[in-house]
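Data first, discussion second: the structure below is written as structure tokens.
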Amino acid sequence: MIRSHFSVPHRRALRNSVFPQQSAAELRDKRKIARVAQVERLALIAVALLVCSVDSIAQTSAAPPLLTEAYAVNIARSANRPTKSSEIAIDRAIQSVKQAKTGFYPQSDLQILSGYPLADFNLTIPKGTLGTYPGTGPIPSENANISGNAQITGFIRGSFAQPISQLYRIHLSVESARVDQKIASEQLRSQHQSVTLQVRQTYHQICTQRVQIDSDQAQVQALEEAFRVTKNSAAQGHALQSDELKAESSLVQARYSLDSDRNAMTNAREQLNNLLGRDLDTDFTVEELPPASPEEISLTDARAAALKQRPELREAMLQEKKAELAVKQEKAGYIPDISAQITYLSAQNVSFLPQSFATAGVSLQWKNPWDWGNRHTNIVGLRDAAKQQSLSTDETTQQVTMNVDQTFRALALARQLVEAASLARQASAEQLRETQNQFRQHTALLSDVLKQAAEDHVQSQNYAQALTAYWNARAAFDQALGRD
């Protein structure tokens, strides 16, 4: 061991020579500055942590936007991908109406014939063909030969005709095209209602899953408390190990049910976002049980709304109107085509014909005026088809009315069942709370808590099933009314 050969005073002198000694005031100032800097650093860290915590709290506490059933249906009508392709039929029907309307305007016709004769043209007009007159004699006075050289000849024929008697038949064609357009619109409404039904069913599934998740969370909380109390009692020797295992098993089963229902709700959310044409991760909340609509209260209002809105009934009425128009169109075939017409004729490189010829007047064309009863037979057949369509419309009206009546009564019963199941669920939840309090005070057994928790779970499932039945009945009623 090496010992220092310097004494304590000598070591202090050597240290002071290497590290100059500072005064006490300077040391106090430096320590004060260091403490202030440390406090400032701690304050900045605290402010940063506070800002981060506030941002995280704001992000977690911000509730997702509310998506009502009506708004979801409106989004699906405009953003659903399959229904967009069905709108093409409407555009085609509109173009058919425009095409039928062009028959009201003057019709033009142009024909040009040009060619080279395969043989020389020779024509002989016999003597006196044009008659014999006193003082002049026969015309021509002798046989006249007309010949033409082989050269390119041309004929031009043009006409410009304004329909007159055909206007009635054209009007019937336009009306028939308009009926087809309305039928296409009703078919598109049927497609929209099919998509609407899918949206409503998925929306209702989310509502039911939310109720089930709330019930599962209450179950988990109750069983967590029971497991905690049982575990403490078992540790103190006041409960059996089997009781602790039973409580833990019930808790694990409740957590499994909660996770399963959450997965089902996530799947339903993604399906609804897909139907709405949105991103699958779009978050939203659903509304509570909506109040009854006026149609749900009054059967008369429900019938009137269905007869006005059901697309199949409106389509049947349009088909009946179209059948009547078909009868009128066939009758219009008896009317000849009369038109105000201007005609122009021209022969090029034909010496014995005039170069141009124009007329203005009236033209009449009657296609097959004597058809030996064919048109009359067609009219009789079309009348029978119109009568059948009328009977079909009456039958559709009866079926729509019966459907409205049945769904109206089913919806009323479903609403009553929801009310009864809700009261039973509330009573079971209150009884579970009372049993938990008794278990904490050691006046009830664990088996009583588990039994009541199972009963509460059953009542919650019954309420969810009743709510599902109501949503399905409401969707069927809305479809019976023909709501879009």
### Query
Are any of the pairs K101/K387; K308/K328; K308/K331; K101/K367; K182/K321; K322/K367 more than 20 Å apart by Cα-Cα distance, and if so, which?
K101/K387; K308/K328; K308/K331; K101/K367; K322/K367
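Using only Cα atoms, what Kirkwood radius does segment 405-455 have, in angstroms?
Evaluated on segment 405-455, it is 12.7 Å.
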### Summary
Expected vector for segment 228-234, Karplus 3J(HN,Hα) from phi with 6.51, -1.76, 1.60 and θ = phi - 60°, integer Hz, x for Gly and Pro, equals 5, 5, 5, 5, 5, 5, 5
### Query
Once the convex hull of the C-alpha atoms of segment 149-306 is built, how many Å³ does it hold per residue, rounded to a whole number?
276 Å³
### Task
With a 1.4 Å probe and every protein chain left in place, work out the accessible area per residue of segment 426-482 in Å², rounded to a whole number.
48 Å²
### Message
Suppose all protein chains stay in the model; what accessible area per residue would a 1.4 Å probe give for segment 159-286, in Å²?
### Response
48 Å²
### Task
Select from L223, A302, L245 the residue farthest towards the positive end of the dipole of segment 211-323; place +1 on Cβ of Lys and Arg, -1 on Cβ of Asp and Glu, and compute about the Cα centre.
A302
### Task
List the lysines whose Cα lies under 23 Å from the Cα of K451, skipping any in the same chain that are fewer than 8 positions away.
K231, K246
### Query
Based on the Cβ-Cβ distance of F160 and D394, what FRET efficiency does E = 1/(1 + (r/R0)^6) give at R0 = 56 Å, to the nearest 0.05?
0.70
#### Entry: Carbon and sulfur %, accessible surface of segment 369-484 computed with the full protein complex present, 1.4 Å
53 percent
### Query
Hey, can you rank 447-454, 436-443, 139-146 by average C-beta count inside 10 Å, highest first?
447-454, 436-443, 139-146
### Query
What number, in nm² with one decimal, is the all-direction average of the projected area of the convex hull of the alpha-carbon atoms of segment 358-403?
6.4 nm²
### Query
For segment 348-401, what is the charge dipole size about the Cα centre, in debye to the nearest 20, if Lys and Arg each add +1 at the Cβ and Asp and Glu each add -1 at the Cβ?
220 debye
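The values are calculated or read from the model by the stated rules, or taken from the named source; none is laboratory data. Everything numeric here is computed off the predicted structure, so don't read it as measured data. Cβ: placed from backbone, ideal geometry, glycine included. Neighbour counts: every protein chain shown. For the accessible areas, the whole protein counts, side chains as well, though only heavy atoms, and no ligand, DNA or RNA atoms are used. Shrake-Rupley method; radii C 1.70, N 1.55, O 1.52, S 1.80 Å.
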